[in-house]
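First comes the structure, then the notes that go with it.
Since every read-out is calculated from the coordinates, none of them should be taken as a lab result. Note that the coordinates shown come from a computational prediction; the quantities given were computed from them, not determined experimentally.
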Amino acid sequence: MKPQLACFERLGAPGWAALAEVRAAAAEAGLLTIADGKRGDVPITAAAYAQALVGETPTPWGPVPGLGADAFTANPLLGLDALEPLLAAAEAAGAAVFALVRTSNAGAADVEDLPAPERPLHERLAALVDGLADRLAGDVGLSGMGAVVGATEPERIARLRELMPRSIFLIPGVGAQGGRPELLGAAFAPGAAAALVAASRGIAADPDPAAAAERLRDAVWDASTA
């Protein structure tokens, strides 16, 4: 489950309370929660974000627990020192981090595809992610130091998988944004567990959401095992 934090935060305190209830319901159902907030800031603020998402905040009256998410998205554009508190908190909590590398929105090319200087910025971000993969390495060769890689530019996926062979890919953009699951095979090169395909509007807006979810599941499975 990947709740978009903005949809809850815009409602203020009641929204955060609702998010906590959603997180608890997901855990009860055996689902993992990826908190999609794309956090990124100077180190001291990044540490506060980490406390809110996967940690806790110490107070004179005892620790105040955060959301308790299993993973979260992060913006790496402030660099390694800003990622470090997020990564350290994830490591302590047994959680995962998905750093933005090549996103699914049309405007991503305005920045992420610019030369920096000898290769596109998204490839430099991919190298940064791969350099941190050992920190959240799992027992099966994959790392919880993951990457957000949009389905809307499938021709880039093979190269990004080459640059990040151990990272789990979180892949948005299927459905409403035009991404096609049958073009995502390269993301699954290390195995079927190497990528998570996220879809929301394309399923929620379908007259039969359950059937739409099943079709997507089958298409992703076919791509992951091709």
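How long is region 1-81 along each principal axis, judged by its Cα atoms, biggest number first, in Å?
Largest to smallest, the principal-axis extents are 36, 32, 25 Å.
Under the classification rounded if a/c is under 1.5, otherwise prolate if a/b is larger than b/c and oblate if not, where does region 44-120 fall, given a ≥ b ≥ c as square roots of the Cα gyration tensor eigenvalues?
Cα axes put region 44-120 in the prolate bin.
Using 0.36 nm per residue, how much length does the chain from residue 11 to residue 155 gain when fully extended, once their Cα-Cα distance is taken away?
48.0 nm
How large is the helix-only mean residue ellipticity at 222 nm for the chain, computed as the sum of -39500 (n - 2.57) over DSSP H runs with n ≥ 4, divided by its residue count, in deg cm²/dmol to the nearest 500?
Counting only the DSSP helices, I get -11500 deg cm²/dmol.
Roughly how compact is region 95-226, stated as its Cα Rg over 2.2 N^0.38 Å to two decimals?
My calculation over the Cα atoms of region 95-226 gives 1.04.
In percent, what relative contact order does region 1-81 have, based on Cα pairs under 8 Å that are 6 or more apart in sequence?
So the answer I get is 30 percent.
If you find the alpha carbon centre of region 147-179 and of region 31-102, how far apart are they in angstrom?
22 Å
Distance between the C-alpha centers of region 180-194 and region 203-226? Whole Å please.
So the separation of the two Cα centres works out to 15 Å.
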